[in-house]
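What follows draws every value from the coordinates through simple rules; no lab data is involved. Values in this document were obtained by computation on a predicted structure and should not be read as measured data. Quick reminder, even Gly has a Cβ in these numbers, built from the backbone with ideal geometry, and neighbours come from all protein chains shown.
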Amino acid sequence: MNAKVKHTVATTDNACLNCHTAHGGDLAKLMRAQQVKVCMKCHNEPIPRPDGKTKIAAVSEVLDPKMVKHGPAADGSCGGCHDVHGGQVTRLLKKEYPEVFYQGFELSKYDLCFSCHDKQLVLTQKTTGLTNFRNGEENLHFLHVNKSDKGRSCRACHSVHASPNDLHIRESVPYGSWNMPINYKRAADGGSCSPGCHKPYTYDRKNAVPYEHPEGAPSTPPATTQPAVAADGKGGAS
């Protein structure tokens with residue numbers, strides 16, 4: 001196999017027979033079980049490195065019926081995003097997706113996301129219908145992601161596999177040595193969040209909350225504030 005990123009389950013021990021039955025079966029592609037259940041034979045628990053630290057985090061949430069699942073995970077198809085036999089992109093992804101929390105924006109870094117999602121989510125500054133994550137006509141996806149320096153990646157707010165919240169909003173996000181809560185609350189015409197990375201914010205699609213944006217920075221909310229959790233800027237989310 002000439003894949004740059006190897007999937008050892010396909011090359012060690014029983015190799016193909018770890019996931020497939022050789023002589024025939026009831027499932028397409030001779031799978032031993034539904035794809036997600038086959039994958040969870042290994043990925044239901046963290047996979048450690050030789051030093052004992054976690055190499056690959058567990059993704060057992062994709063089997064939890066209480067979770068709101070994202071795209072292919074809802075269909076039980078890990079292969080929707082991953083090259084399950086081996087590929088050219090880190091984490092066996094089919095296309096590029098950021099590993100870091102902060103980064104300068106380039107559309108190519110989100111090739112995987114925009115295989116399904118409309119890229120205008122991060123290219124259009126003003127909209128009345130492209131996304132519900134907006135303050136009046138201000139597209140808050142554009143505001144958070146499309147920055148030359150500290151653009152937030154999708155993983156800053158969304159769980160890519162499954163979440164207990166609507167819209168795949170995370171409960172918290174790993175950032176350096178901190179685990180920052182997001183504290184997202186949905187409202188009829190908008191919502192609010194009060195994470196560790198900035199002060200509380202509220203947004204409203206019908207009646208825009210009047211914030212100022214000095215030099216393009218996130219606005220400073222009026223009234224109630226809370227101290228931000230310290231961050232070293234080096235963290236990444238799983």
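Some observations on this one:
- Result for the chain in a Gaussian network model with C-alpha springs under 10 Å: among Thr12, Thr127, Thr90, the largest mean-square fluctuation is at Thr12.
- DSSP loop trypsin sites (Lys or Arg not before Pro) with at most 14 other Cβ within 10 Å excluded, longest remaining stretch of the chain: 67-149
- Between Ser60 and His198, the FRET efficiency estimated from the beta carbon spacing at R0 = 35 angstrom works out to 0.70.
- Annotation for segment 182-198 versus segment 145-159: alpha-carbon center distance of 16 Å.
- For the chain, modelled as a GNM whose springs connect Cα atoms under 10 angstrom apart, the maximal fluctuation among Gly24, Gly129, Gly52 occurs at Gly52.
- Between Leu30 and Ala74, the contour length at 0.36 nm per residue exceeds the alpha carbon distance by 13.7 nm.
- Based on DSSP H segments of at least four residues, each scored -39500 (n - 2.57), the chain has a per-residue ellipticity at 222 nm of -1500 deg cm²/dmol.
- Fully extended contour minus Cα-Cα distance, from Asn207 to Cys16, at 0.36 nm per residue: 63.1 nm
- The calculated FRET efficiency for the pair Thr127 and Ala187, based on their C-beta separation and a Förster distance of 25 Å, comes to about 0.85.
- Label assignment, Rg/Rh (Cα atoms, Kirkwood Rh) derived from the structure, set [x] 1.06; [y] 1.01; [z] 0.99: [y]
- A crude spin-label estimate for the pair Ser115 and Ala3, with each label 7 Å from Cα along the Cβ direction, gives 1.3 nm.
- Phi angles of segment 127-140 translate, via the Karplus equation with coefficients 6.51, -1.76, 1.60 and θ = phi - 60°, into HN-Hα couplings of 7, 10, x, 5, 8, 7, 8, 8, 10, x, 9, 7, 6, 7 Hz per residue; Gly and Pro are given as x.
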